[in-house]
1. How far apart, in nanometres, would the label points at ASN325 and LEU240 be if each is projected 7 angstrom from Cα along the Cα-to-Cβ direction?
2. Roughly what would the spin-label model give for GLN154 and TYR171, points 7 Å off Cα along C-beta, in nm?
3. Mind checking which lysines have their C-alpha under 17 Å from LYS109, skipping anything on the same chain fewer than 8 residues away?
4. Between LYS66 and GLU339, what is 0.36 nm times their sequence separation minus the Cα-Cα distance? Round to one decimal in nm.
5. Please work out the C-alpha center-to-center distance from region 145-174 to region 42-70 and express it in whole Å.
6. For the cross-link pairs LYS163/LYS258; LYS16/LYS268; LYS130/LYS248; LYS14/LYS130; LYS16/LYS74; LYS74/LYS139, which exceed 30 Å when the distance is taken from alpha carbon to alpha carbon?
7. Quick one: which residues, 5+ away or cross-chain, put their amide H under 5 Å from the amide H of LEU117? H built at 1.01 Å from N.
8. Which three lengths, in whole Å and largest first, does region 172-261 cover when its Cα atoms are put on their principal axes?
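The values are calculated or read from the model by the stated rules, or taken from the named source; none is laboratory data. Just so it is clear, the structure is predicted and the values come from calculations on it, not from any experiment. Quick reminder, even Gly has a Cβ in these numbers, built from the backbone with ideal geometry, and neighbours come from all protein chains shown. Side chains included, ligands, DNA and RNA excluded: accessible areas come from the protein's heavy atoms. Shrake-Rupley method; radii C 1.70, N 1.55, O 1.52, S 1.80 Å.
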Amino acid sequence: MHKERISRLRNLMKSKDLDGVLLLGDYNRNYISGFTGDESFLVVGLEKAVFLTDSRYTQQAKEEVKDIEVREYKGKVEETLNSIIEELGIKKLAFEEDIITYKTYMNYKENFQCEMLPLDGMVENLRLVKDSYEIECIKKAASIADRAFEKILQFIRPGESEKEVAVELEYWLKRYGGERLSFPSIVASGERSALPHGQPTDKVIKLGDFVTLDFGCIYNGYCSDMTRTIAMGDPTEKMLQVYNTVLKAQEEALKSIKPGVTGADVDKVARDIIKAEGYGDYFGHGLGHGVGREVHEGPRVSPMGTNVLKPGMIITDEPGVYIPNEFGVRIEDLVLVTEDGFETLSKSPKNLIII
Ligand SMILES: [Mn+2]
């Protein structure tokens with residue numbers, strides 16, 4: 001698996017006339033090497049690669065990193081990196097320009113006897129299409145989220161605070177096998193549900209509130225992401241109408257997902273439905289995003305989403321309508337693009353749940 005990833009990277013390097021790549025961001029380095037720790041370096045040459053770490057991680061790297069030589073450094077890492085660059089005969093080294101700080105860049109530039117060039121998303125592009133192992137991990141992360149949601153439906157009641165609901169949700173995400181959260185959980189109730197990314201507060205959930213829960217966990221390094229909005233007691237006519245609009249937009253956009261369309265095409269399906277119902281101004285964000293090792297990665301699923309969808313991509317479909325000082329609704333599924341369409345990885349019900 002990692003052998004194949006490194007050879008795909010080398011093919012791209014050759015096509016861009018590069019003879020070296022330095023990876024130090026956790027997501028890219030670990031994707032190519034199989035390492036699960038942090039603060040380490042991967043130098044990939046056209047023939048040979050070296051994984052460089054310090055004594056905290058040497059043992060772990062030797063167990064996890066296959067087919068790549070693992071070395072330990074002491075002292076100044078920039079000097080060891082430069083000696084590897086020379087040993088591998090690297091003249092043009094691409095680096096993660098969006099991860100390396102200006103200070104580190106200046107340090108490397110001073111120490112490295114080679115030209116330094118931006119990687120320009122090369123590894124992120126390799127990560128766009130998931131292999132079967134990655135798909136299984138994300139499916140598992142999604143199913144953990146579904147099970148945690150089932151638990152939270154038994155727990156959530158008017159009288160609990162948003163924070164109490166969040167902590168219960170996070171307990172179950174971990175209890176069912178999530179290693180970490182994909183991102184800080186969102187629990188936003190009543191007027192606060194109009195905040196697309198409302199962090200849980202001490203606000204007590206009341207009868208008549210909509211509650212938006214947006215959460216996910218990480219399984220074997222891969223994220224899930226889902227959102228449901230539920231009602232505490234009977235919703236008003238307006239709340240129902242908005243809910244049904246968002247649900248229709250979500251489901252119609254879902255049906256449009258297939259190889260060959262762009263993220264912008266899928267976004268437009270949902271946006272047009274929400275606009276037609278008169279809520280266009282209340283849907284400010286893109287319809288979705290890619291999900292993998294990072295909870296937000298490519299491809300873009302928004303009016304700017306020019307990436308063409310391919311089988312193996314995993315994206316979210318999450319339209320929302322947020323009416324300031326009243327309430328908001330968002331419904332989000334995690335979706336796999338398949339050969340002939342899509343497969344929904346989030347299995348929780350989407351019809352309005354009234355507690
Ligand atoms: Mn999302």
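1. Here the modelled spin labels are 2.6 nm apart.
2. 1.2
3. Hits, sequence-local ones excluded: LYS76, LYS91, LYS92.
4. Here the segment from LYS66 to GLU339 would lengthen by 95.2 nm.
5. Cα centroid of region 145-174 versus Cα centroid of region 42-70: 40 Å apart.
6. Cα-Cα > 30 Å for LYS163/LYS258; LYS16/LYS268; LYS16/LYS74; LYS74/LYS139; rest within.
7. LEU93, ALA94, PHE95
8. Principal extents (Cα only, largest first): 42, 40, 20 Å.
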